[in-house]
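Here's the structure, in structure tokens; my notes come after.
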Amino acid sequence: MASNITSLTIDNEYPVAGVDNDSQGFRDNFTIIKDSLAAAKAELSRLKAKAASDATALGVSELETKLDTLEEALGGLISPSTSASPPTITASQIKSARPS
């Protein structure tokens with residue numbers, strides 16, 4: 001999705017210090033900023049809606065349930081350790097902990 005947020009047309013050199021600046025430049029910059037913020041809001045709303053839709057379609061809650069089950073099955077195999085070396089987990093322990 002291409003973005004409709006415009007920042008390249010803002011005159012970042014305006015206003016010029018020590019000069020009687022025409023107010024049209026202020027109005028132009030303000031309009032560009034206002035329109036870009038409105039575009040950003042619309043794009044974020046669409047992204048949020050799509051993310052929620054994708055999460056539902058992908059079955060995030062089902063995935064979270066499976067991850068919880070795996071975590072419970074692993075029990076104490078993976079836990080915070082005060083030692084410098086990580087816990088040793090064998091392939092057979094991982095296979096036996098897999099949810100079906």
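Read the figures in this text as sums done on the coordinates, not as results from a lab. Quick caveat: nothing in here was measured; it's all calculated off a predicted structure. For neighbour counting, all protein chains shown are included, and Cβ atoms are generated from backbone atoms with ideal geometry for every residue, glycine included.
Overview of values
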| read-out | value |
| --- | --- |
| Residue-wise HN-Hα coupling along the stretch 32-43, computed from phi with Karplus coefficients 6.51, -1.76, 1.60 (Hz; x: Gly, Pro) | 4, 5, 4, 5, 5, 5, 5, 5, 4, 4, 5, 5 |
| Cβ crowding within 10 Å averaged over residues, with 42-49, 16-23 ranked highest first | 42-49, 16-23 |
| Estimated FRET transfer efficiency (VAL19, ASP54; beta-carbon r; R0 41 Å; 0.05) | 0.20 |
